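Here is the structure we will look at.
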Amino acid sequence: MDFLKKYPSLPAFIATLLIFTLAVTFLSEAYGTGAISTSFVKTLGKTLCLALVAISMDLVWGYTGILSLGHFAFFGLGGYMIGMWLMFARTKLIVVESMAAADIPATALEIKDAVGTQIFGVVGSSDFPLVWMFAHSFWAQIALVVLVPGLLALVFGWLAFRSRVTGVYLSILTQAMTLALSLYLFQNDSGLRGNNGLSGLQNLPGLDAVSQDAVSIWFFWASAFALLVTYLIANFVVSGKFGSVIRGIRDDEARVRFLGYSVEGFKLFVFVLTAIIAGIGGALYYPQAGIINPAEIAPIASIYLAVWVAIGGRGRIYGAVIGAGVVSLVSTYFTGGQAPNINLGFYTIKWVDWWQVLLGLSFVLVTLFAPKGIGGLFDLISGRLSPDRKGAPLGPDQGSLREEEAEQ
Amino acid sequence: MSQLLEVSGVSVSFDGFKAINNLSFSIGPAEMRAIIGPNGAGKTTFMDIVTGKTKPDEGSVLWGDMSKNLIGMNEAKIARIGIGRKFQRPTVFEDQSVFENLLMAVKNDRSPWSVLFFKPKFKDLAKVEALASEIGLSDQLERKSGELSHGQKQWLEIGMLLAQDPQLLLVDEPAAGMTLGEREHTTDILKEAAKTRAVVVVEHDMDFVRRLECKVTVLHEGSVLAEGSLDHVTQNKDVIDVYLGR
């Protein structure tokens, strides 16, 4: 019972996720009635991955007060790392198959060259760049899914936090990081196929016989499982003394420092942990999307991430999940051309164009009038109230919890 | 007997203004000391230097038997070697309960990994209980500290200081904004603490200083003007001129 007291939202979350997963499975084309199309299963699976990266954003922003606007860089890197193996392994299978028809068996070098031509022909090259060194090994690339985002976050965070860059300056720095990374990847000689990105990721090597109907459900399950594990980890991190310390950093970091805690060390810890979570999310997302290119890690993507968390309600983990889920599904509805245009006579509102305006407007409205976000609706049911502090936030720092976000 | 903290020849200036001018100060391991002085005398800057918030232009700050130089260490490290500080304005973590505030301050390994897997042991809980009763907040442990009254927040912050188990406490205007009864309680807490450790109190209120019954250091324009018992310094002509006379 002590456990439930510590994590009050846990049973509800697990139950909801389980019911959702079962429902999608039994309505899918592969294992159920087929009421949900395979492409929509993929959309739902991707949404779960976005919820996962939103949790990491909530940990870093909602709990530690670091408004990072660069977490999609880590998400994208995770996707690139798994994409390299997927593309290499599948291309190799195809090449070996086509070469097997020749009279003389192909040497290993010939196979490698042919694979290189297949992958890099589009950027006018056939040599494997150094970064593809481990692309032949599934386990090495899986390790890189964790290591590359983790190391980038470690180096970037160490430099930024050590210099005590905080607030809006840190946000700008993280934007610069994700912009620099995406511009670098746009180059043809970056070694990751420039603006073409990595494609065909939905085809799992050696599983050509399995239809996408089944593969999409497998990835959906994997995403749901990863989301659950992330949720548990996030709850563990924020519930104990570690949670106290990082919330202290959010509200008043100087005070935490004078208590003897190394604020920089804790920030770095959270930054790296969340970068790794984001990387894993990306590694599950992009095989479902099928393609990754540098546009995915453009600065705007990370800003969307902050918008999801704000709309869902920052500083509560289920809020991040709800925000990412609702906003990205609604976004799919509006931008997918399913929403009917509104004809005003003199002007027709096309939602594909106007969706972003709507999103921006709802972000502003939520920030102004409902700082608890969608997650705040649960407070109405459970009767939780905000303190009456006459508008005073709970700490002197910029990222500190506002009166309306706090619990009495 | 060797001194716990020895500040010698420290100077610091901000944009040409000398906030601290060749200041020397020392305090023993179990001693209470009050620092008084007019506004701008450098009382808070002195604390900033000792706790690592401000780096002095020259001089040395030596700590403990090993005469460790504190200059150049960061705030967290200085806090860990045993210097606790209470700010002028009560600063507690307002979104967290009194219990969480105290538990965070209780002396334990401060590294992220050990904090992550921290489970409060019996001695930690006992310490929180003992401190809470000492500062008179035993029945408020579950309350958010933001709801406490001004005086209670001041006590909570003193309790957090004691929880760190520091050898030296730097306390900036602990009695500001307190009622008479609250002041008396605060005096008792500080006097009790000074039996086992060094306590430096910066205060404006002469009555409060008198009640502490300790040696007094008078600062003026960044250096020590007079030092001794309260009666001794209040009869000092310089002190009367710059401080009391006005």
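The values are calculated or read from the model by the stated rules, or taken from the named source; none is laboratory data. Only a predicted model underlies this, so the values are computations on that prediction, with no experimental measurement involved. Every residue, glycine among them, receives a Cβ derived from its backbone with ideal geometry; neighbour counts consider all protein chains shown.
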| How many residues are modelled with pLDDT of 90 or more and among the β-branched types (Val, Ile, Thr) when one looks only at segment B:67-95? | 4
| task | Select from segment A:310-360 the residues that are part of a helix (DSSP H, G or I) and more than 30 Å from A:Leu10 (Cα to Cα) and list them in ascending order. | result | A:Phe334, A:Thr335, A:Trp351, A:Val352, A:Asp353, A:Trp354, A:Trp355, A:Gln356, A:Val357, A:Leu358, A:Gly360
| query | Mind checking which residues of segment B:60-94 are among the charged types (D, E, K, R) and either within 14 Å of chain A (Cβ to nearest Cβ) or free of Cβ contacts under 8 Å to residues at least 40 places away in the same chain (or both)? | reply | B:Lys68, B:Glu75, B:Lys77, B:Arg80, B:Arg85, B:Lys86, B:Arg89, B:Glu94
| Long-range neighbours under 8 Å by Cβ, at least six apart or interchain, first residue in a helix (DSSP H, G or I) within segment B:117-139, second among the β-branched types (Val, Ile, Thr) | B:Asp124/B:Val106; B:Lys127/B:Val106; B:Val128/B:Val106; B:Ala132/B:Val98; B:Glu134/B:Ile189
| Check on A:Leu377, out of contact with any Ser or Thr (no Cβ under 6 Å at 6 or more places or on another chain) and more than 14 Å from chain B (Cβ to nearest Cβ) | yes
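Tell me, which residue of segment A:9-58 that is in a loop (DSSP other than H, G, I, E, B) and not hydrophobic (A, V, I, L, M, F, W, C) is surrounded by the fewest Cβ atoms within 10 Å (Cβ to Cβ)?
Ranking the qualifying residues of segment A:9-58, first place goes to A:Thr33.
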| message | Looking for something within 14 Å of chain B (Cβ to nearest Cβ), surrounded by 22 or more Cβ atoms within 10 Å (Cβ to Cβ) and more than 22 Å from the chain's Cα centre (by Cα) - is there at least one such residue anywhere in segment A:229-242? | response | yes
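In segment B:214-232, what residues are in contact (Cβ under 8 Å) with a residue 60 or more places away in the chain and either among the charged types (D, E, K, R) or not in a loop (DSSP other than H, G, I, E, B) (or both)?
Hits for segment B:214-232 are B:Lys215, B:Val216, B:Thr217, B:Val218, B:Leu219, B:His220, B:Glu221, B:Ser223, B:Val224, B:Leu225, B:Leu230.
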| field | Subset of segment A:167-198 (residues that are surrounded by 20 or more Cβ atoms within 10 Å (Cβ to Cβ), in contact with a helix residue (DSSP H, G or I) (Cβ under 8 Å, 6 or more places away or on another chain) and farther than 20 Å from A:Tyr80 by Cβ) | value | A:Leu170
| task | Return yes or no: is B:Phe99 surrounded by 16 or more Cβ atoms within 10 Å (Cβ to Cβ), closer than 22 Å to A:Lys390 by Cβ, in contact with an Asp or Glu (Cβ under 8 Å, 6 or more places away or on another chain) and within 13 Å of chain A (Cβ to nearest Cβ)? | result | no
| field | Scope segment A:361-401; condition of a type in the set (D, E, K, R) and assigned to a loop (DSSP other than H, G, I, E, B); matching residues | value | A:Lys372, A:Arg384, A:Asp388, A:Arg389, A:Lys390, A:Asp397
